[in-house]
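Engineer: Have a look at the structure that comes next, please.
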Amino acid sequence: MSSPLGVSAATALALAASAPLAAQPIHNPLPTAAGVQLNAQTGDPVAIATLGWLYESGHGVTADAARAAGYYRAAAGEGDAFAKWRLGVMIDRNLTEGTASEAIQLFREAAADRTSGAAASLGVMYAAGRGVDQDFEAAMRYYQAAAHMGNAHGLEGIGILYANGQGVKRDMREALAHWLVAAAAGNGDAKSLLGQYMPSASSPEAAPVFARANQIADAYDRIVMAGVRTASMGR
């Protein structure tokens, strides 16, 4: 299967503006909190978690970390994986009470329920040694798991490990190739890294990076490829 990355890579190199996929909420929130509130009142954990996301992100409401955390705690108590992930993120960022160990446990539970962001968050925690012993091999495994679930932050993290030589031999070509795929899927941090480290598209050093990026894009699942196609179409 040929990859469309040859087109989307140019978009990434131009650092075209698009929304990062950092949060990637698994719920589709309604435009206003009022609409979601109707479902939340029935005890629907998905709606309650969505309210948490609305107040965390300030989407249609005034951002309120305390309210967001409260909704996430309620939904997490009902087993909602997205709420567990975002509550763990808020704990890790010191936006609500909790310990790094509690955040790790929330990430593990959410990742076990195939929440890609939680897998990426575990990669971050292992790479930084927060709440767990620093373990770059474990970080790589979690970043790869996130990437296979379509999470661009997982691809970005893989690139960082290669760029720093953490748990792997330092390889800037491999780092740049992963950042190209992540940027094409909309990851803003990867775009910034490309702006700093990617050689000019016309230079001899760029061609092998593009070729490797095409291989990486083909290796990941249809979710990643769909993101690359979307980026290449400018949507």
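The values are calculated or read from the model by the stated rules, or taken from the named source; none is laboratory data. These figures come from a predicted structure and were not determined experimentally. Backbone-built Cβ (ideal geometry, glycine too); neighbour counts: all protein chains shown.
Engineer: Taking the stated definitions as given, is Ile91 farther than 30 Å from Trp179 by Cα, part of a helix (DSSP H, G or I) and among the β-branched types (Val, Ile, Thr)?
Structural biologist: Numbers: farther than 30 Å from Trp179 by Cα: no; part of a helix (DSSP H, G or I): yes; among the β-branched types (Val, Ile, Thr): yes.
No, not satisfied.
Engineer: Turning to a different aspect of this structure: Here are the criteria: (1) in contact with a Ser or Thr (Cβ under 9 Å, 6 or more places away or on another chain); (2) in a loop (DSSP other than H, G, I, E, B). Tell me which single one Glu97 does not satisfy.
Structural biologist: For Glu97, the failing item is (1).
Engineer: Could you pull out the residue among Ala111, Ala75, Ala83 that is under 17 Å from Gly157 (Cβ atoms), of a type in the set (A, V, I, L, M) and crowded, with 24+ Cβ neighbours inside 10 Å? Let's see the steps before the verdict.
Structural biologist: Details: Ala75 fails: under 17 Å from Gly157 (Cβ atoms); Ala83 fails: under 17 Å from Gly157 (Cβ atoms).
Answer to the selection: Ala111.
Engineer: If you go through region 146-169 one residue at a time, do you hit one that is among the β-branched types (Val, Ile, Thr) and closer than 17 Å to Phe107 by Cβ?
Structural biologist: Going through region 146-169, the residues among the β-branched types (Val, Ile, Thr) turn out to be 158, 160, 168.
Within this subset, residues satisfying the condition of being closer than 17 Å to Phe107 by Cβ are none.
No, every residue in region 146-169 fails to be among the β-branched types (Val, Ile, Thr) and closer than 17 Å to Phe107 by Cβ.
Engineer: For region 50-70, enumerate the residues that are in contact (Cβ under 8 Å) with a residue 24 or more places away in the chain and not small (Gly, Ala, Ser).
Structural biologist: Thr50, Trp53, Leu54, Glu56, His59, Val61
Engineer: Of all residues in region 109-138 being part of a loop (DSSP other than H, G, I, E, B) and of a type outside the set (Val, Ile, Thr), which is nearest to Ala182 (Cα to Cα)? I'd like the intermediate steps shown before the answer.
Structural biologist: Applying the first criterion (part of a loop (DSSP other than H, G, I, E, B)) to region 109-138 yields 113-115, 129-135.
Now narrow it down to the ones that are of a type outside the set (Val, Ile, Thr): 113-114, 129-131, 133-135.
Numbers: Asp113: 23, Arg114: 19, Gly129: 24, Arg130: 24, Gly131: 26, Asp133: 27, Gln134: 24, Asp135: 23 Å.
Per the stated criteria, the residue is Arg114.
Engineer: I would also like to ask the following. Within the group Gly70, Gly77, Gly58, Gly98, which residue is on the phi > 0 side of the Ramachandran plot and either charged (D, E, K, R) or modelled with pLDDT of 95 or more (or both)?
Structural biologist: Values: Gly70 fails: on the phi > 0 side of the Ramachandran plot; Gly77 fails: on the phi > 0 side of the Ramachandran plot; Gly58 fails: either charged (D, E, K, R) or modelled with pLDDT of 95 or more (or both).
Every option except Gly98 fails the conditions.
Engineer: Considering only region 162-210, how many residues are in contact with a Phe, Trp or Tyr (Cβ under 7 Å, 6 or more places away or on another chain) and of a type in the set (Val, Ile, Thr)?
Structural biologist: Counting residues in region 162-210 that are in contact with a Phe, Trp or Tyr (Cβ under 7 Å, 6 or more places away or on another chain) and of a type in the set (Val, Ile, Thr) gives 1.
Engineer: Name the residues in region 142-168 that are without any contact (Cβ under 8 Å) to a residue 12 or more places away in the chain and within 18 Å of the chain's Cα centre (by Cα), would you?
Structural biologist: Pass one, region 142-168, residues without any contact (Cβ under 8 Å) to a residue 12 or more places away in the chain: 164-165.
Once the filter is applied, which keeps residues that are without any contact (Cβ under 8 Å) to a residue 12 or more places away in the chain and within 18 Å of the chain's Cα centre (by Cα), region 142-168 yields nothing.
Engineer: Against the definition (acidic (Asp, Glu), farther than 24 Å from Glu102 by Cα and either over 19 Å from the mean Cα position of the chain (by Cα) or surrounded by fewer than 19 Cβ atoms within 10 Å (Cβ to Cβ) (or both)), how does Asp171 come out, yes or no? Steps first, please.
Structural biologist: Working: acidic (Asp, Glu): yes; farther than 24 Å from Glu102 by Cα: yes; either over 19 Å from the mean Cα position of the chain (by Cα) or surrounded by fewer than 19 Cβ atoms within 10 Å (Cβ to Cβ) (or both): yes.
Yes, satisfied.
Engineer: Continuing with the same structure: Which condition from (1) in contact with a Leu (Cβ under 9 Å, 6 or more places away or on another chain); (2) under 26 Å from Ala138 (Cβ atoms); (3) modelled with pLDDT of 95 or more is the one that Asn164 breaks?
Structural biologist: That leaves (1) as the condition not met.
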